[in-house]
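The values are calculated or read from the model by the stated rules, or taken from the named source; none is laboratory data. On a predicted model such as this, the values are computed, not experimentally measured, just so you know. Here the Cβ is made from the backbone with ideal geometry for all residues, glycine too, and neighbour counts use every protein chain on show.
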Amino acid sequence: MRLGVFLPNWIGDVVMATPALRALRKTLGTDGTMVGVMRPYVAEVLAGNSWIDQAIFYEKKKRGSAGQVVQELRDARLDAVVLLPNSFNTAWLAWRAGIPRRIGYSRDARGWMLTTKLFDPRTGRRRAALPQIDSYLNLAYALGSEWETRQLELSTTAEDESLTDAVWQRLGFEGKQVAVFNSGGAFGAAKDWPAEHFAKLAKRILLELGLHVLINCGPKERDTAREIVRQANDLRVLSLAEESQLPIGLTKACIRRSQLLVTTDSGPRFFGVAFGVPTVSLFGPTGIYATRTHSELETSLSLNLDCQPCMERTCPLGHHRCMQDLTVEQVFKKIEHRLTKKRISAA
(Lines give C-alpha, C1' and ligand atoms only; values in the text may rest on other atoms or scores of the structure.)
Protein backbone atom coordinates (compact mmCIF):
# COMPACT_ATOMS: atom_id res chain seq x y z
CA MET A 1 0.00 0.00 0.00
CA ARG A 2 1.03 3.58 -0.69
CA LEU A 3 -0.46 5.70 2.07
CA GLY A 4 -0.60 9.47 2.45
CA VAL A 5 -0.94 11.10 5.86
CA PHE A 6 -1.80 14.76 6.33
CA LEU A 7 -0.06 15.80 9.55
CA PRO A 8 -1.23 18.44 12.07
CA ASN A 9 0.20 21.95 12.10
CA TRP A 10 0.63 22.52 15.84
CA ILE A 11 3.80 21.00 17.33
CA GLY A 12 1.96 19.44 20.27
CA ASP A 13 -0.61 17.88 17.96
CA VAL A 14 2.19 16.34 15.89
CA VAL A 15 3.56 14.62 18.99
CA MET A 16 0.06 13.45 19.97
CA ALA A 17 -0.20 11.90 16.50
CA THR A 18 2.86 9.67 17.01
CA PRO A 19 0.89 6.66 18.33
CA ALA A 20 -1.26 6.81 15.19
CA LEU A 21 1.81 7.12 12.97
CA ARG A 22 3.37 4.13 14.70
CA ALA A 23 0.17 2.11 14.17
CA LEU A 24 -0.01 3.08 10.48
CA ARG A 25 3.65 2.17 9.96
CA LYS A 26 3.06 -1.29 11.42
CA THR A 27 0.06 -1.73 9.13
CA LEU A 28 2.11 -0.84 6.04
CA GLY A 29 4.99 -3.11 6.99
CA THR A 30 8.36 -2.94 5.30
CA ASP A 31 6.93 -3.10 1.79
CA GLY A 32 4.46 -0.22 2.14
CA THR A 33 5.20 3.47 1.68
CA MET A 34 4.05 6.34 3.92
CA VAL A 35 4.01 9.82 2.43
CA GLY A 36 3.64 12.64 4.95
CA VAL A 37 2.06 15.95 3.94
CA MET A 38 3.25 18.59 6.39
CA ARG A 39 4.53 22.06 7.14
CA PRO A 40 8.35 22.18 6.92
CA TYR A 41 8.87 22.56 10.68
CA VAL A 42 6.86 19.40 11.35
CA ALA A 43 9.73 17.42 9.82
CA GLU A 44 11.96 18.80 12.60
CA VAL A 45 9.59 17.45 15.26
CA LEU A 46 9.62 13.96 13.73
CA ALA A 47 13.33 13.93 12.81
CA GLY A 48 14.98 10.76 14.07
CA ASN A 49 11.87 8.61 13.64
CA SER A 50 11.60 6.33 10.61
CA TRP A 51 7.86 6.09 10.05
CA ILE A 52 7.63 8.41 7.05
CA ASP A 53 9.34 7.47 3.78
CA GLN A 54 8.66 10.62 1.80
CA ALA A 55 7.60 14.17 2.67
CA ILE A 56 5.44 16.60 0.74
CA PHE A 57 5.82 20.09 2.20
CA TYR A 58 2.89 22.45 2.27
CA GLU A 59 2.94 26.16 3.13
CA LYS A 60 -0.64 27.43 3.14
CA LYS A 61 0.19 31.13 2.68
CA LYS A 62 2.67 30.56 -0.15
CA ARG A 63 1.22 31.39 -3.55
CA GLY A 64 0.71 28.28 -5.68
CA SER A 65 1.49 25.89 -2.84
CA ALA A 66 -1.90 24.14 -2.94
CA GLY A 67 -1.62 23.34 -6.64
CA GLN A 68 1.91 22.05 -6.12
CA VAL A 69 0.75 19.76 -3.30
CA VAL A 70 -2.09 18.37 -5.43
CA GLN A 71 0.36 17.57 -8.23
CA GLU A 72 2.81 15.90 -5.85
CA LEU A 73 -0.02 13.83 -4.37
CA ARG A 74 -1.02 12.69 -7.85
CA ASP A 75 2.59 11.84 -8.69
CA ALA A 76 2.83 9.77 -5.48
CA ARG A 77 0.04 7.47 -6.77
CA LEU A 78 -1.44 6.92 -3.33
CA ASP A 79 -3.95 4.16 -2.58
CA ALA A 80 -5.34 5.91 0.48
CA VAL A 81 -4.89 9.00 2.63
CA VAL A 82 -5.50 9.59 6.34
CA LEU A 83 -6.43 13.16 7.27
CA LEU A 84 -5.28 13.86 10.82
CA PRO A 85 -6.27 17.57 10.75
CA ASN A 86 -9.99 18.28 10.65
CA SER A 87 -9.80 21.18 8.20
CA PHE A 88 -11.85 21.54 5.03
CA ASN A 89 -8.66 22.35 3.13
CA THR A 90 -6.92 19.02 3.76
CA ALA A 91 -9.94 17.08 2.51
CA TRP A 92 -10.19 19.40 -0.50
CA LEU A 93 -6.56 18.76 -1.47
CA ALA A 94 -6.95 14.98 -1.12
CA TRP A 95 -10.19 15.02 -3.14
CA ARG A 96 -8.63 17.16 -5.90
CA ALA A 97 -5.68 14.76 -6.07
CA GLY A 98 -8.10 11.90 -6.80
CA ILE A 99 -6.84 9.62 -4.03
CA PRO A 100 -9.21 6.60 -4.06
CA ARG A 101 -9.66 6.19 -0.31
CA ARG A 102 -9.91 9.28 1.92
CA ILE A 103 -10.27 8.75 5.68
CA GLY A 104 -11.15 11.55 8.09
CA TYR A 105 -13.62 13.03 10.52
CA SER A 106 -16.79 14.42 9.03
CA ARG A 107 -16.52 18.03 10.18
CA ASP A 108 -16.55 21.51 8.67
CA ALA A 109 -18.80 20.56 5.75
CA ARG A 110 -16.17 18.23 4.29
CA GLY A 111 -17.95 14.90 4.69
CA TRP A 112 -18.87 14.65 0.99
CA MET A 113 -15.16 14.54 0.09
CA LEU A 114 -14.43 11.56 2.36
CA THR A 115 -14.86 7.91 1.46
CA THR A 116 -14.50 6.72 5.07
CA LYS A 117 -16.13 9.08 7.57
CA LEU A 118 -15.62 9.09 11.31
CA PHE A 119 -17.92 10.92 13.71
CA ASP A 120 -17.21 12.29 17.17
CA PRO A 121 -19.35 11.09 20.07
CA ARG A 122 -22.09 13.51 21.07
CA THR A 123 -23.73 14.62 24.27
CA GLY A 124 -27.21 15.60 23.17
CA ARG A 125 -26.70 17.97 20.26
CA ARG A 126 -23.19 18.91 21.26
CA ARG A 127 -20.03 17.30 19.96
CA ALA A 128 -18.04 15.61 22.72
CA ALA A 129 -14.62 15.25 21.13
CA LEU A 130 -12.27 12.53 22.32
CA PRO A 131 -8.78 13.31 23.63
CA GLN A 132 -6.68 14.11 20.59
CA ILE A 133 -4.44 11.04 20.90
CA ASP A 134 -7.50 8.76 20.79
CA SER A 135 -9.04 10.71 17.93
CA TYR A 136 -5.92 10.21 15.82
CA LEU A 137 -5.68 6.53 16.72
CA ASN A 138 -9.28 5.98 15.60
CA LEU A 139 -8.30 7.19 12.13
CA ALA A 140 -5.54 4.57 12.03
CA TYR A 141 -8.02 1.91 13.15
CA ALA A 142 -10.39 2.98 10.36
CA LEU A 143 -7.65 2.14 7.86
CA GLY A 144 -7.28 -1.30 9.42
CA SER A 145 -4.48 -0.85 11.97
CA GLU A 146 -4.41 -3.10 15.01
CA TRP A 147 -4.58 -1.79 18.56
CA GLU A 148 -1.68 0.48 19.50
CA THR A 149 -0.55 1.96 22.82
CA ARG A 150 -1.03 5.66 23.52
CA GLN A 151 2.65 6.14 24.33
CA LEU A 152 4.00 9.30 22.73
CA GLU A 153 7.29 8.75 20.92
CA LEU A 154 10.05 11.04 19.66
CA SER A 155 13.70 10.70 18.78
CA THR A 156 16.66 13.04 18.44
CA THR A 157 19.25 13.04 15.69
CA ALA A 158 23.03 12.95 16.04
CA GLU A 159 23.04 16.61 14.96
CA ASP A 160 20.55 17.51 17.71
CA GLU A 161 22.68 15.82 20.35
CA SER A 162 25.93 17.35 19.08
CA LEU A 163 24.41 20.84 19.18
CA THR A 164 23.09 20.23 22.69
CA ASP A 165 26.45 18.88 23.86
CA ALA A 166 27.99 22.23 22.90
CA VAL A 167 25.23 24.17 24.67
CA TRP A 168 25.54 21.97 27.79
CA GLN A 169 29.28 22.67 27.87
CA ARG A 170 28.85 26.44 27.45
CA LEU A 171 26.28 26.56 30.25
CA GLY A 172 28.30 24.37 32.58
CA PHE A 173 25.62 21.68 32.83
CA GLU A 174 27.91 18.71 32.11
CA GLY A 175 27.48 16.13 34.86
CA LYS A 176 24.68 18.18 36.46
CA GLN A 177 21.02 17.35 36.97
CA VAL A 178 18.84 19.90 35.22
CA ALA A 179 15.20 21.00 35.34
CA VAL A 180 13.85 22.64 32.19
CA PHE A 181 11.26 25.41 32.33
CA ASN A 182 9.15 26.06 29.23
CA SER A 183 7.49 29.42 29.79
CA GLY A 184 5.54 30.23 26.65
CA GLY A 185 4.15 29.06 23.34
CA ALA A 186 2.78 30.13 19.99
CA PHE A 187 -0.87 30.10 21.14
CA GLY A 188 -0.78 33.48 22.89
CA ALA A 189 -0.14 35.32 26.15
CA ALA A 190 -3.09 33.74 27.95
CA LYS A 191 -1.13 30.49 28.41
CA ASP A 192 1.85 32.22 30.04
CA TRP A 193 2.70 31.80 33.72
CA PRO A 194 4.25 35.03 35.09
CA ALA A 195 8.05 35.37 34.83
CA GLU A 196 8.27 36.26 38.54
CA HIS A 197 6.53 32.98 39.42
CA PHE A 198 9.00 31.00 37.31
CA ALA A 199 11.92 32.84 38.95
CA LYS A 200 10.69 32.06 42.48
CA LEU A 201 10.08 28.44 41.50
CA ALA A 202 13.63 28.21 40.14
CA LYS A 203 15.01 29.34 43.51
CA ARG A 204 13.02 26.68 45.37
CA ILE A 205 14.15 23.96 42.99
CA LEU A 206 17.77 25.05 43.46
CA LEU A 207 17.58 25.16 47.26
CA GLU A 208 15.29 22.22 48.00
CA LEU A 209 15.87 19.80 45.12
CA GLY A 210 19.43 20.64 44.13
CA LEU A 211 18.69 20.84 40.40
CA HIS A 212 20.14 23.42 38.03
CA VAL A 213 17.51 25.21 35.90
CA LEU A 214 17.44 25.83 32.15
CA ILE A 215 14.86 28.20 30.66
CA ASN A 216 13.84 26.94 27.23
CA CYS A 217 12.58 29.48 24.70
CA GLY A 218 11.68 29.94 21.07
CA PRO A 219 12.84 32.90 18.97
CA LYS A 220 9.93 35.09 20.18
CA GLU A 221 10.37 34.17 23.86
CA ARG A 222 13.98 35.24 24.39
CA ASP A 223 13.06 38.34 26.44
CA THR A 224 10.85 36.33 28.79
CA ALA A 225 13.63 33.78 29.31
CA ARG A 226 16.12 36.57 30.06
CA GLU A 227 13.70 38.11 32.56
CA ILE A 228 13.29 34.84 34.46
CA VAL A 229 17.08 34.49 34.67
CA ARG A 230 17.44 38.10 35.83
CA GLN A 231 14.86 37.74 38.59
CA ALA A 232 16.21 34.38 39.76
CA ASN A 233 19.66 35.99 40.06
CA ASP A 234 21.59 32.75 40.46
CA LEU A 235 24.39 31.40 38.26
CA ARG A 236 22.69 28.01 38.25
CA VAL A 237 19.63 29.40 36.45
CA LEU A 238 20.43 29.90 32.76
CA SER A 239 18.55 30.10 29.47
CA LEU A 240 18.81 29.41 25.75
CA ALA A 241 18.05 33.06 24.97
CA GLU A 242 21.61 33.87 23.88
CA GLU A 243 21.85 30.98 21.40
CA SER A 244 22.05 32.26 17.82
CA GLN A 245 19.86 29.40 16.55
CA LEU A 246 16.95 27.78 18.37
CA PRO A 247 15.94 24.75 16.28
CA ILE A 248 13.27 22.37 17.50
CA GLY A 249 15.88 19.61 17.73
CA LEU A 250 17.76 21.60 20.40
CA THR A 251 14.64 21.84 22.56
CA LYS A 252 13.98 18.13 22.11
CA ALA A 253 17.50 17.15 23.13
CA CYS A 254 17.59 19.55 26.12
CA ILE A 255 14.33 18.13 27.46
CA ARG A 256 15.38 14.55 26.74
CA ARG A 257 18.43 14.83 29.01
CA SER A 258 16.65 16.72 31.82
CA GLN A 259 15.31 15.34 35.12
CA LEU A 260 12.18 17.51 35.24
CA LEU A 261 10.07 19.64 32.89
CA VAL A 262 7.80 22.43 34.14
CA THR A 263 5.79 23.78 31.24
CA THR A 264 2.79 25.69 30.05
CA ASP A 265 0.33 23.88 27.77
CA SER A 266 2.47 24.24 24.64
CA GLY A 267 4.38 22.03 22.21
CA PRO A 268 7.44 21.20 24.38
CA ARG A 269 5.09 19.84 27.05
CA PHE A 270 4.64 16.76 24.88
CA PHE A 271 8.39 16.39 24.36
CA GLY A 272 8.73 15.70 28.10
CA VAL A 273 6.11 12.95 28.03
CA ALA A 274 7.52 11.42 24.83
CA PHE A 275 11.03 11.22 26.31
CA GLY A 276 9.89 9.83 29.66
CA VAL A 277 10.73 12.97 31.67
CA PRO A 278 8.62 13.79 34.77
CA THR A 279 6.45 16.68 33.58
CA VAL A 280 4.32 19.23 35.43
CA SER A 281 1.98 21.06 33.04
CA LEU A 282 0.26 24.36 33.91
CA PHE A 283 -3.15 25.02 32.37
CA GLY A 284 -4.92 28.35 32.05
CA PRO A 285 -7.20 29.08 29.07
CA THR A 286 -7.08 25.52 27.69
CA GLY A 287 -8.67 22.36 29.06
CA ILE A 288 -6.82 19.31 30.31
CA TYR A 289 -9.13 16.67 28.80
CA ALA A 290 -8.70 17.44 25.09
CA THR A 291 -4.92 17.06 25.16
CA ARG A 292 -4.52 14.52 27.96
CA THR A 293 -1.49 12.33 27.37
CA HIS A 294 -2.63 9.30 29.42
CA SER A 295 0.88 9.30 30.91
CA GLU A 296 1.73 8.54 34.52
CA LEU A 297 4.77 10.78 34.09
CA GLU A 298 2.67 13.92 33.67
CA THR A 299 0.92 15.93 36.37
CA SER A 300 -1.52 18.55 35.09
CA LEU A 301 -2.44 21.55 37.23
CA SER A 302 -5.38 23.90 36.77
CA LEU A 303 -7.30 26.18 39.15
CA ASN A 304 -10.59 25.12 37.49
CA LEU A 305 -12.09 28.60 37.69
CA ASP A 306 -15.61 29.19 36.41
CA CYS A 307 -14.16 30.92 33.34
CA GLN A 308 -11.88 27.99 32.42
CA PRO A 309 -11.33 26.88 29.75
CA CYS A 310 -12.07 29.91 27.60
CA MET A 311 -9.72 28.90 24.73
CA GLU A 312 -8.87 32.56 24.10
CA ARG A 313 -5.39 33.84 23.21
CA THR A 314 -5.74 36.78 25.61
CA CYS A 315 -7.90 36.88 28.75
CA PRO A 316 -11.38 38.12 27.70
CA LEU A 317 -12.03 39.28 31.30
CA GLY A 318 -8.76 41.17 31.57
CA HIS A 319 -7.56 39.59 34.83
CA HIS A 320 -5.75 36.42 33.70
CA ARG A 321 -6.43 34.85 37.10
CA CYS A 322 -6.22 31.32 35.72
CA MET A 323 -2.42 31.72 35.52
CA GLN A 324 -1.73 34.71 37.79
CA ASP A 325 -3.36 33.01 40.80
CA LEU A 326 -1.60 29.70 40.23
CA THR A 327 0.95 29.94 43.04
CA VAL A 328 4.55 28.84 43.25
CA GLU A 329 3.67 26.77 46.30
CA GLN A 330 0.97 24.87 44.42
CA VAL A 331 3.33 24.10 41.55
CA PHE A 332 6.20 23.10 43.83
CA LYS A 333 4.01 20.63 45.70
CA LYS A 334 3.07 19.02 42.39
CA ILE A 335 6.75 18.81 41.46
CA GLU A 336 7.60 17.08 44.74
CA HIS A 337 4.70 14.66 44.26
CA ARG A 338 5.72 13.97 40.66
CA LEU A 339 9.37 13.28 41.53
CA THR A 340 8.37 11.12 44.50
CA LYS A 341 6.19 8.96 42.25
CA LYS A 342 9.07 8.70 39.79
CA ARG A 343 11.43 7.47 42.53
CA ILE A 344 8.90 4.95 43.82
CA SER A 345 8.28 3.67 40.29
CA ALA A 346 12.02 3.33 39.66
CA ALA A 347 12.48 1.42 42.92
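Couple of notes before you dig in:
- Test result for residue 295, touching a residue at least 24 places away in the same chain (Cβ under 8 Å) and polar (S, T, N, Q): yes
Okay, residues lined up against (1) at pLDDT below 95; (2) touching a Phe, Trp or Tyr at 6+ places or on another chain (Cβ under 7 Å); (3) of a type in the set (A, V, I, L, M, F, W, C):
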| position | (1), (2), (3) |
| --- | --- |
| 236 | no, no, no |
| 295 | yes, no, no |
| 304 | yes, no, no |
| 317 | yes, no, yes |
| 330 | no, no, no |
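- Odd one out for residue 334 among (1) without any contact (Cβ under 8 Å) to a residue 40 or more places away in the chain; (2) within 16 Å of residue 193 (Cβ to Cβ); (3) over 14 Å from the mean Cα position of the chain (by Cα): (1)
- Only one of 269, 230 that is surrounded by fewer than 20 Cβ atoms within 10 Å (Cβ to Cβ) and not hydroxyl-bearing (Ser, Thr, Tyr): 230
- Within segment 102-126, the only residue that satisfies the criterion of being among the charged types (D, E, K, R) and within 12 Å of residue 5 (Cα to Cα) is 102.
- Leading residue by the ranking (farthest from residue 6 (Cα to Cα)) among those in segment 89-99 that are of a type outside the set (A, V, I, L, M) and in contact with a strand residue (DSSP E or B) (Cβ under 7 Å, 6 or more places away or on another chain): 95
- Filter result for residue 190 (surrounded by fewer than 22 Cβ atoms within 10 Å (Cβ to Cβ), in the same structural domain as residue 329 (by TED's automatic domain parsing) and not β-branched (Val, Ile, Thr)): yes
- If you filter segment 91-113 down to residues that are within 27 Å of the chain's Cα centre (by Cα) and closer than 19 Å to residue 71 by Cα, you find that the one that is surrounded by the fewest Cβ atoms within 10 Å (Cβ to Cβ) is 92.
- Residue within segment 171-182 that is in a strand (DSSP E or B), among the charged types (D, E, K, R) and surrounded by fewer than 19 Cβ atoms within 10 Å (Cβ to Cβ) present: no
- Selected residue (criterion: nearest to residue 160 (Cα to Cα)) from residues of segment 238-253 that are among the polar types (S, T, N, Q) and either at pLDDT below 95 or surrounded by fewer than 21 Cβ atoms within 10 Å (Cβ to Cβ) (or both): 245
- Within segment 229-347, strands (runs of 3 or more DSSP E) holding 3 or more residues that are in the same structural domain as residue 216 (by TED's automatic domain parsing) and closer than 22 Å to residue 151 by Cα: 260-264, 279-282, 298-301
- Test for residue 162: is it hydroxyl-bearing (Ser, Thr, Tyr) and in contact (Cβ under 8 Å) with a residue 24 or more places away in the chain: no
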